[in-house]
1. Might you check whether a residue that is at pLDDT below 80 and not in a helix (DSSP H, G or I) occurs anywhere in the stretch 5-14?
2. When the residues of the stretch 23-44 are filtered to those that are hydrophobic (A, V, I, L, M, F, W, C), surrounded by 12 or more Cβ atoms within 10 Å (Cβ to Cβ) and touching a helix residue (DSSP H, G or I) at 6+ places or on another chain (Cβ under 9 Å), which remaining residue is farthest from Ala10 (Cα to Cα)?
Amino acid sequence: MHPLKHPRNAVFIGLVFVVIAVIYWALPYFSHAHVDYAGVTMLGVLGIAMSIMFYVLIAGSPSE
């Protein structure tokens, strides 16, 4: 049994990390503090990687 109804829904798991990256960028930016662009980039790329990983794991699992 798949934990998600369709493997395409794995994108939403990756979007969690992208949303966290936007928040991680926006809070210091709008409060005129130092923005850690490396951290924002890494969180964004982590979101993409997690989406791909969950898609592969879910698409390759048996549908029993």
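The values are calculated or read from the model by the stated rules, or taken from the named source; none is laboratory data. Bear in mind the structure is a predicted one, so any value in this text is a computation, not a measurement. Positions of Cβ are backbone-derived with ideal geometry, glycine not excepted, and every protein chain shown enters the neighbour counts.
1. Looking for residues that are at pLDDT below 80 and not in a helix (DSSP H, G or I), one finds at least one in the stretch 5-14, hence yes.
2. Once the filter is applied, the top-ranked residue is Val35.
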